[in-house]
Structures are given as structure tokens and as C-alpha cells.
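The values are calculated or read from the model by the stated rules, or taken from the named source; none is laboratory data. These numbers come from a predicted model, not from an experiment. Note that each Cβ is placed from the backbone with ideal geometry, even for glycine, and that neighbours are counted across all protein chains shown. Note: areas computed on protein heavy atoms with side chains; ligands, DNA, RNA excluded. Shrake-Rupley method; radii C 1.70, N 1.55, O 1.52, S 1.80 Å.
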Amino acid sequence: MRKKESGQALIILIFAMALAITILSGVTLTAVTLAKSTRLTEDSQTAYYAAESGVEYGLMKLVRNPSGCDAPAPNDDLTIDASTVTIGYGLVESVCTISVTSTNGTVLKKIQVQATLANSKVTYCCWKELP
């Protein structure tokens with residue numbers, strides 16, 4: 001080996017290690033980002049379905065107790081799976097508005113439905129997710 005070529009292998013080794021570390025860092029960062037995104041999606045779905053369950057709970061409560069919507073400050077707090085669900089009721093004329101807020105982790109979902117009760121029959125409309 002000539003004098004000018006000494007150290008060349010060390011430079012190639014350092015360059016190869018730097019390249020490998022860069023690639024591994026990129027793969028690791030991508031995997032962590034994907035895991036966080038998946039967790040957020042799961043939390044969002046769980047919160048949404050818990051909010052829907054809360055609306056159904058509110059409708060069943062209205063069927064069982066038709067005056068349940070006009071009681072002073074009627075609220076229900078439930079825990080469904082890992083979600084905290086708050087159900088609020090509001091009565092305007094003969095329309096009961098059921099508003100549900102569900103929280104799971106950092107995700108918040110809100111659903112609202114309007115219902116009327118006539119002749120022991122509940123009719124609902126306007127089931128919507130609020131921003």
C-alpha cells in the first residue's frame with residue numbers, strides 16, 4: 001500500500017456509517033410518525049362511536065321518561081370504553097335537542113340530534129356531527 005492511499009479505508013467506513021445512520025433515522029422517524037397517526041385515528045374512531053352511543057342512550061332515556069328533556073339542567077356523564085361522554089338535553093317548544101360530547105385522549109367529538117315525542121313514539125332528525 002502506498003503512503004497516499006493510507007486512511008482511505010477509514011474515510012470510506014465513516015462515510016458508509018454516516019449513510020447508514022441517516023437511513024435508519026429516516027426509517028425510525030417514519031415509523032414513529034405512522035404509529036402516532038394510527039393511534040390518533042383509533043382514538044378518533046373510538047370517540048366518535050362513543051358519542052353515537054351517547055346519542056342512542058339519550059334517545060332511549062327520552063323514550064323511557066318523556067319529561068327527561070325538560071328537567072332542570074339534565075346532563076348524563078358516561079364512560080364508554082376509554083371515552084368520557086357527556087350528554088346534554090335542551091327543550092325548545094316540543095323539540096328535544098340531545099347534544100353529546102365524547103373525549104378520548106386528545107380527540108373531541110360532538111354529535112347533536114333533535115327529537116320529538118308524540119304518542120309514545122320518538123321521531124328524530126338532523127343527526128349531525130359538530131365541528
Query - segment 10-131: Rg to Rh, with Rh as the Kirkwood radius over Cα pairs - result: 1.39
Query raised in the report: In segment 48-112, which GluC sites (Glu not before Pro) are in a loop and have at most 13 other Cβ atoms within 10 Å, using DSSP for the loop call?
Result: E93
Query - Nearest-ten-degree value, helix 8-64 long axis tilted from longest Cα axis of the chain - result: 10 degrees
Report task. Let me have the relative contact order for segment 34-115, percent, based on Cα pairs under 8 Å that are six or more residues apart. Result -> 33 percent
**Report entry** Heavy-atom accessible surface of the chain: percent carbon and sulfur, 1.4 Å
**Finding:** 61 percent
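Leaving out ligands and nucleic acids, and using a 1.4 Å probe, what accessible area per residue does the chain come to in Å²? Write out the running numbers ahead of the final one.
Working: 9300 Å² over 131 residues.
Per-residue value: 71 Å².
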**Report entry** segment 3-71 versus segment 85-102: alpha-carbon centroid distance in Å
**Finding:** 33 Å
Query raised in the report: Which sequence of I14, I111 reflects their accessible areas, 1.4 Å probe, from the largest down?
Result: I14, I111
